[in-house]
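The values are calculated or read from the model by the stated rules, or taken from the named source; none is laboratory data. These numbers come from a predicted model, not from an experiment. Accessible surface is based on the protein model in full, side chains and every heavy atom, while ligands, DNA and RNA are left aside. Shrake-Rupley method; radii C 1.70, N 1.55, O 1.52, S 1.80 Å.
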Amino acid sequence: MNDVIGARGESRFLMLITEPHDGEQPIFRAQRLGDKWPAVDFLVELMGSDGVAGFFFVQVKTTRQGYTERDRRLKVTVPQHTVARLASFPAPTYVVGIDDVAGIGYVVSANGERLTNVASVPSDFPINRENRERLWSEVRRYWSSRLPGSFTSVFNDPAWGMS
Amino acid sequence: MGSPQPWYVEMRAEAQAILHLTSRDGVQVARLPKGTGVDLLLTLAADGELSGRHLGVVVKPRTSVADVPRLTPRSVRRERAQFEATTFPVCMVSFSSSDERGYFRWILEPSLENGEPVLGYAQRTNFEPITPALLDQLVSRVNAWYDARLGEAA
(Lines give C-alpha, C1' and ligand atoms only; values in the text may rest on other atoms or scores of the structure.)
Protein backbone atom coordinates (compact mmCIF):
# COMPACT_ATOMS: atom_id res chain seq x y z
CA MET A 1 0.00 0.00 0.00
CA ASN A 2 1.10 3.51 -0.68
CA ASP A 3 2.79 4.81 2.49
CA VAL A 4 1.05 8.15 2.40
CA ILE A 5 -2.39 6.57 2.11
CA GLY A 6 -1.53 4.36 5.08
CA ALA A 7 -0.39 7.36 7.10
CA ARG A 8 -3.56 9.23 6.20
CA GLY A 9 -5.70 6.24 7.18
CA GLU A 10 -4.03 5.93 10.57
CA SER A 11 -4.49 9.64 11.19
CA ARG A 12 -8.13 9.47 10.13
CA PHE A 13 -8.68 6.51 12.47
CA LEU A 14 -7.16 8.47 15.35
CA MET A 15 -9.44 11.41 14.64
CA LEU A 16 -12.55 9.23 14.44
CA ILE A 17 -11.92 6.97 17.44
CA THR A 18 -10.96 9.86 19.75
CA GLU A 19 -13.85 12.17 18.90
CA PRO A 20 -15.00 13.77 22.14
CA HIS A 21 -18.18 12.49 23.75
CA ASP A 22 -18.90 14.39 26.94
CA GLY A 23 -17.73 17.93 26.48
CA GLU A 24 -14.17 17.62 25.26
CA GLN A 25 -13.39 14.17 26.63
CA PRO A 26 -12.75 11.11 24.42
CA ILE A 27 -13.83 7.62 25.50
CA PHE A 28 -10.83 5.98 23.82
CA ARG A 29 -7.10 6.55 23.82
CA ALA A 30 -5.26 5.03 20.86
CA GLN A 31 -1.56 4.25 20.68
CA ARG A 32 0.29 3.39 17.48
CA LEU A 33 2.20 0.14 17.81
CA GLY A 34 4.63 0.58 14.93
CA ASP A 35 6.17 -1.79 12.43
CA LYS A 36 7.31 -4.34 15.01
CA TRP A 37 3.69 -5.38 15.42
CA PRO A 38 2.88 -6.73 11.96
CA ALA A 39 -0.74 -7.73 12.50
CA VAL A 40 -2.04 -4.77 14.45
CA ASP A 41 -1.60 -1.02 14.10
CA PHE A 42 -3.16 0.31 17.30
CA LEU A 43 -3.71 -0.56 20.91
CA VAL A 44 -6.86 1.28 21.96
CA GLU A 45 -7.64 1.81 25.64
CA LEU A 46 -11.09 2.44 27.07
CA MET A 47 -11.14 5.59 29.13
CA GLY A 48 -13.26 5.21 32.23
CA SER A 49 -14.05 7.40 35.19
CA ASP A 50 -11.66 5.28 37.24
CA GLY A 51 -8.89 5.01 34.66
CA VAL A 52 -8.34 2.50 31.87
CA ALA A 53 -11.27 0.07 31.65
CA GLY A 54 -9.96 -2.38 29.06
CA PHE A 55 -8.33 -2.38 25.65
CA PHE A 56 -8.52 -3.82 22.15
CA PHE A 57 -6.37 -4.08 19.04
CA VAL A 58 -7.04 -2.61 15.62
CA GLN A 59 -5.69 -3.23 12.16
CA VAL A 60 -6.34 -0.22 9.89
CA LYS A 61 -6.74 -0.64 6.13
CA THR A 62 -7.15 2.40 3.93
CA THR A 63 -8.36 2.77 0.37
CA ARG A 64 -9.28 5.26 -2.30
CA GLN A 65 -10.93 2.50 -4.35
CA GLY A 66 -14.44 3.07 -3.01
CA TYR A 67 -17.17 0.46 -2.55
CA THR A 68 -18.52 -2.66 -4.19
CA GLU A 69 -21.56 -1.88 -6.31
CA ARG A 70 -23.76 -4.72 -5.13
CA ASP A 71 -23.69 -4.33 -1.36
CA ARG A 72 -21.63 -1.21 -0.77
CA ARG A 73 -18.65 -2.80 0.93
CA LEU A 74 -15.40 -0.86 1.24
CA LYS A 75 -12.71 -2.38 -0.96
CA VAL A 76 -9.88 -3.12 1.45
CA THR A 77 -7.88 -6.32 1.62
CA VAL A 78 -6.70 -8.15 4.72
CA PRO A 79 -4.64 -11.26 3.94
CA GLN A 80 -5.52 -14.61 5.49
CA HIS A 81 -2.43 -14.77 7.71
CA THR A 82 -3.29 -11.39 9.23
CA VAL A 83 -6.91 -12.44 9.83
CA ALA A 84 -5.68 -15.60 11.57
CA ARG A 85 -3.17 -13.61 13.63
CA LEU A 86 -5.82 -11.14 14.74
CA ALA A 87 -8.11 -13.98 15.78
CA SER A 88 -5.36 -15.51 17.91
CA PHE A 89 -4.97 -12.43 20.13
CA PRO A 90 -6.25 -12.97 23.68
CA ALA A 91 -8.12 -9.68 23.52
CA PRO A 92 -10.83 -8.13 21.33
CA THR A 93 -9.54 -7.31 17.85
CA TYR A 94 -11.08 -5.36 14.98
CA VAL A 95 -10.36 -4.37 11.42
CA VAL A 96 -11.09 -0.77 10.54
CA GLY A 97 -11.56 0.14 6.89
CA ILE A 98 -10.92 3.78 6.05
CA ASP A 99 -12.44 5.44 3.00
CA ASP A 100 -9.73 8.05 2.43
CA VAL A 101 -11.82 9.99 -0.07
CA ALA A 102 -14.83 10.49 2.20
CA GLY A 103 -12.92 10.44 5.48
CA ILE A 104 -15.14 7.70 6.92
CA GLY A 105 -14.08 4.63 8.88
CA TYR A 106 -15.91 1.32 9.36
CA VAL A 107 -15.26 -1.19 12.12
CA VAL A 108 -15.73 -4.95 11.89
CA SER A 109 -14.93 -7.68 14.39
CA ALA A 110 -11.86 -9.87 13.74
CA ASN A 111 -12.25 -12.27 16.62
CA GLY A 112 -12.27 -15.53 14.73
CA GLU A 113 -15.66 -15.30 13.05
CA ARG A 114 -13.78 -15.83 9.81
CA LEU A 115 -10.29 -17.13 9.16
CA THR A 116 -9.94 -16.59 5.41
CA ASN A 117 -8.72 -13.44 3.70
CA VAL A 118 -10.92 -10.35 3.66
CA ALA A 119 -11.49 -8.54 0.36
CA SER A 120 -13.87 -5.87 1.67
CA VAL A 121 -15.46 -4.68 4.88
CA PRO A 122 -19.15 -3.87 5.35
CA SER A 123 -20.29 -0.29 5.71
CA ASP A 124 -22.77 -1.32 8.43
CA PHE A 125 -20.73 0.04 11.33
CA PRO A 126 -19.33 3.52 10.66
CA ILE A 127 -17.20 4.93 13.47
CA ASN A 128 -19.70 7.40 14.88
CA ARG A 129 -20.90 8.27 18.32
CA GLU A 130 -23.36 5.36 18.54
CA ASN A 131 -20.87 2.72 17.41
CA ARG A 132 -18.08 4.11 19.56
CA GLU A 133 -20.36 3.69 22.57
CA ARG A 134 -21.34 0.14 21.52
CA LEU A 135 -17.67 -0.70 21.01
CA TRP A 136 -16.76 0.69 24.42
CA SER A 137 -19.54 -1.34 26.07
CA GLU A 138 -18.71 -4.66 24.43
CA VAL A 139 -14.98 -4.40 25.16
CA ARG A 140 -15.76 -3.31 28.71
CA ARG A 141 -18.00 -6.36 29.12
CA TYR A 142 -15.21 -8.59 27.85
CA TRP A 143 -12.70 -7.30 30.42
CA SER A 144 -15.30 -7.23 33.22
CA SER A 145 -15.92 -10.93 32.84
CA ARG A 146 -14.23 -13.05 35.48
CA LEU A 147 -12.97 -15.42 32.82
CA PRO A 148 -12.48 -13.45 29.61
CA GLY A 149 -12.26 -15.91 26.77
CA SER A 150 -15.04 -16.47 24.30
CA PHE A 151 -16.14 -13.19 22.80
CA THR A 152 -19.12 -12.31 20.66
CA SER A 153 -19.05 -8.97 18.94
CA VAL A 154 -21.99 -6.96 17.63
CA PHE A 155 -19.68 -5.70 14.87
CA ASN A 156 -19.91 -8.92 12.90
CA ASP A 157 -19.69 -8.87 9.14
CA PRO A 158 -23.13 -10.12 8.03
CA ALA A 159 -21.58 -11.66 4.89
CA TRP A 160 -19.27 -13.91 6.88
CA GLY A 161 -22.14 -15.95 8.24
CA MET A 162 -23.33 -16.61 4.66
CA SER A 163 -20.04 -17.95 3.32
CA MET B 1 -15.95 19.43 32.01
CA GLY B 2 -12.22 20.11 32.18
CA SER B 3 -9.80 21.03 29.43
CA PRO B 4 -8.57 18.25 27.19
CA GLN B 5 -5.37 16.59 28.35
CA PRO B 6 -2.07 17.39 26.60
CA TRP B 7 -1.70 13.91 25.04
CA TYR B 8 -5.12 14.31 23.45
CA VAL B 9 -4.49 17.78 22.03
CA GLU B 10 -1.06 16.77 20.71
CA MET B 11 -2.25 13.51 19.16
CA ARG B 12 -5.19 15.11 17.35
CA ALA B 13 -3.11 18.10 16.21
CA GLU B 14 -0.55 15.79 14.63
CA ALA B 15 -3.25 13.68 12.97
CA GLN B 16 -4.87 16.85 11.57
CA ALA B 17 -1.49 18.05 10.31
CA ILE B 18 -0.86 14.77 8.46
CA LEU B 19 -4.32 14.83 6.89
CA HIS B 20 -4.00 18.45 5.74
CA LEU B 21 -0.41 18.36 4.53
CA THR B 22 -0.91 15.16 2.52
CA SER B 23 -4.21 16.29 1.01
CA ARG B 24 -2.48 17.06 -2.28
CA ASP B 25 -0.66 14.44 -4.32
CA GLY B 26 3.11 14.26 -4.46
CA VAL B 27 3.81 14.59 -0.74
CA GLN B 28 5.16 11.79 1.44
CA VAL B 29 5.14 12.10 5.23
CA ALA B 30 7.15 10.54 8.04
CA ARG B 31 6.61 10.99 11.76
CA LEU B 32 9.87 11.71 13.56
CA PRO B 33 10.77 10.67 17.12
CA LYS B 34 10.34 13.16 19.94
CA GLY B 35 13.38 15.29 20.49
CA THR B 36 14.41 15.59 16.87
CA GLY B 37 13.17 19.18 16.64
CA VAL B 38 10.59 18.60 13.95
CA ASP B 39 7.51 16.42 14.30
CA LEU B 40 6.93 15.53 10.65
CA LEU B 41 9.24 15.29 7.69
CA LEU B 42 7.52 15.93 4.38
CA THR B 43 9.20 14.80 1.20
CA LEU B 44 8.09 16.34 -2.06
CA ALA B 45 8.00 13.52 -4.57
CA ALA B 46 5.72 14.03 -7.52
CA ASP B 47 6.24 10.48 -8.77
CA GLY B 48 6.41 8.84 -5.35
CA GLU B 49 10.17 8.31 -5.63
CA LEU B 50 12.58 9.49 -2.97
CA SER B 51 13.58 12.98 -4.02
CA GLY B 52 15.53 14.33 -1.04
CA ARG B 53 13.32 17.43 -1.15
CA HIS B 54 12.51 17.64 2.53
CA LEU B 55 10.40 20.07 4.50
CA GLY B 56 10.39 19.87 8.28
CA VAL B 57 7.14 20.50 10.09
CA VAL B 58 6.73 21.50 13.72
CA VAL B 59 3.21 20.82 14.99
CA LYS B 60 1.97 23.32 17.55
CA PRO B 61 -1.18 22.08 19.29
CA ARG B 62 -3.79 24.68 20.19
CA THR B 63 -5.87 24.09 23.28
CA SER B 64 -8.61 26.50 22.27
CA VAL B 65 -10.52 26.59 19.02
CA ALA B 66 -11.02 30.33 19.36
CA ASP B 67 -7.35 31.23 19.57
CA VAL B 68 -5.30 32.12 16.53
CA PRO B 69 -1.86 30.86 17.53
CA ARG B 70 0.73 33.44 18.52
CA LEU B 71 4.39 33.31 19.39
CA THR B 72 6.14 35.33 22.04
CA PRO B 73 9.47 37.05 21.25
CA ARG B 74 11.10 34.63 23.66
CA SER B 75 9.77 31.57 21.87
CA VAL B 76 10.94 33.00 18.53
CA ARG B 77 14.45 33.46 19.97
CA ARG B 78 14.41 29.91 21.30
CA GLU B 79 13.21 28.60 17.98
CA ARG B 80 15.97 30.38 16.09
CA ALA B 81 18.60 28.89 18.35
CA GLN B 82 17.07 25.45 17.89
CA PHE B 83 17.16 25.58 14.09
CA GLU B 84 20.47 27.40 13.73
CA ALA B 85 22.20 24.45 12.05
CA THR B 86 19.23 23.15 10.04
CA THR B 87 19.85 23.07 6.30
CA PHE B 88 16.37 22.54 4.88
CA PRO B 89 13.10 24.49 5.03
CA VAL B 90 11.05 24.18 8.20
CA CYS B 91 7.55 25.41 8.92
CA MET B 92 5.12 25.33 11.81
CA VAL B 93 1.47 24.34 11.66
CA SER B 94 -1.08 24.68 14.42
CA PHE B 95 -4.30 22.76 15.04
CA SER B 96 -6.72 22.39 17.90
CA SER B 97 -8.17 19.07 19.04
CA SER B 98 -11.72 19.86 17.96
CA ASP B 99 -11.48 22.08 14.91
CA GLU B 100 -10.32 21.34 11.37
CA ARG B 101 -8.94 24.84 10.79
CA GLY B 102 -5.18 24.89 10.63
CA TYR B 103 -2.64 27.70 10.67
CA PHE B 104 0.77 27.98 9.06
CA ARG B 105 3.96 30.01 9.36
CA TRP B 106 7.52 29.59 8.21
CA ILE B 107 10.40 28.99 10.62
CA LEU B 108 13.21 28.55 8.10
CA GLU B 109 11.85 30.12 4.96
CA PRO B 110 13.16 29.22 1.51
CA SER B 111 13.39 31.99 -1.06
CA LEU B 112 15.28 33.06 -4.15
CA GLU B 113 17.40 36.19 -4.34
CA ASN B 114 18.56 36.96 -7.87
CA GLY B 115 17.96 33.30 -8.65
CA GLU B 116 20.11 32.14 -5.75
CA PRO B 117 18.57 29.85 -3.12
CA VAL B 118 18.40 31.45 0.30
CA LEU B 119 17.27 29.85 3.56
CA GLY B 120 16.65 32.28 6.39
CA TYR B 121 14.63 32.82 9.52
CA ALA B 122 11.14 33.94 8.66
CA GLN B 123 10.70 37.65 9.28
CA ARG B 124 6.95 37.29 9.79
CA THR B 125 5.99 35.39 12.90
CA ASN B 126 2.23 35.56 12.44
CA PHE B 127 0.23 32.54 11.28
CA GLU B 128 -2.06 32.36 8.27
CA PRO B 129 -4.94 29.93 7.67
CA ILE B 130 -4.08 26.72 5.82
CA THR B 131 -5.96 26.56 2.51
CA PRO B 132 -5.48 24.44 -0.62
CA ALA B 133 -3.98 27.51 -2.32
CA LEU B 134 -1.51 27.98 0.52
CA LEU B 135 -0.45 24.32 0.30
CA ASP B 136 0.07 24.62 -3.46
CA GLN B 137 2.13 27.75 -2.90
CA LEU B 138 4.13 26.02 -0.18
CA VAL B 139 5.03 23.08 -2.43
CA SER B 140 5.89 25.36 -5.35
CA ARG B 141 8.13 27.47 -3.19
CA VAL B 142 10.02 24.54 -1.69
CA ASN B 143 10.42 22.95 -5.10
CA ALA B 144 11.73 26.21 -6.56
CA TRP B 145 14.28 26.45 -3.76
CA TYR B 146 15.51 22.89 -4.35
CA ASP B 147 15.54 23.47 -8.13
CA ALA B 148 17.77 26.51 -7.59
CA ARG B 149 20.06 24.51 -5.29
CA LEU B 150 20.41 21.79 -7.90
CA GLY B 151 21.17 24.45 -10.51
CA GLU B 152 23.78 25.91 -8.22
CA ALA B 153 25.43 22.53 -7.71
CA ALA B 154 25.49 21.69 -11.42
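Observations on the model:
- Tilt relative to chain B, helix B:132-153 - C-alpha long axis, 0 to 90 degrees, to 10: 40
- Segment A:26-163, accessible area per residue, ligands and nucleic acids excluded (1.4 Å, Å²): 51
- Under 21 Å from the Cα of A:K61 - lysines, other chains or at least 8 residues apart: A:K36, A:K75
- Dividing the summed helix terms, -39500 (n - 2.57) for each DSSP H run of n ≥ 4, by the number of residues in chain B produces a 222 nm estimate of -10500 deg cm²/dmol to the nearest 500.
- Overall form of segment B:45-89 per C-alpha gyration tensor (a/c, 1.5; a/b vs b/c): oblate
- A 1.4 Å probe over all protein chains sorts A:W37, A:W136 by accessible area into A:W37, A:W136, starting with the largest.
- Rounded, prolate or oblate (a/c below 1.5 giving rounded, otherwise prolate when a/b exceeds b/c) for segment A:15-98 by Cα gyration tensor: oblate
- A/B buried area, accessible surface, summed, 1.4 Å probe, Å²: 1900
- Partners of B:K34 within straight-line reach, counting lysines whose Cα lies under 17 Å from its Cα and excluding those fewer than 8 residues away in the same chain: B:K60.
- Most mobile of A:V118, A:V83, A:V107 in a GNM of chain A (Cα contacts under 10 Å): A:V118
- Whole-percent carbon and sulfur share, accessible surface of the protein assembly as shown, 1.4 Å: 50
- Antiparallel DSSP beta bridges within chain A, percent to nearest 5: 75
- Cα gyration tensor category, rounded, prolate or oblate, for segment B:1-47 with a/c compared to 1.5: oblate
- A Gaussian network model of chain A, with springs between Cα atoms under 10 Å, assigns the largest mean-square fluctuation among A:L74, A:L33, A:L46 to A:L33.
- Springs join every pair of Cα atoms under 10 Å in this Gaussian network model of chain B, and among B:P132, B:P117, B:P33 the largest mean-square fluctuation is at B:P33.
- Rounded to the nearest Hz, the phi-derived 3J(HN,Hα) couplings of segment A:84-96 under the Karplus curve 6.51 cos²θ - 1.76 cosθ + 1.60 (θ = phi - 60°) are 5, 5, 4, 5, 7, 5, x, 6, x, 10, 9, 9, 10, where x marks glycine and proline.
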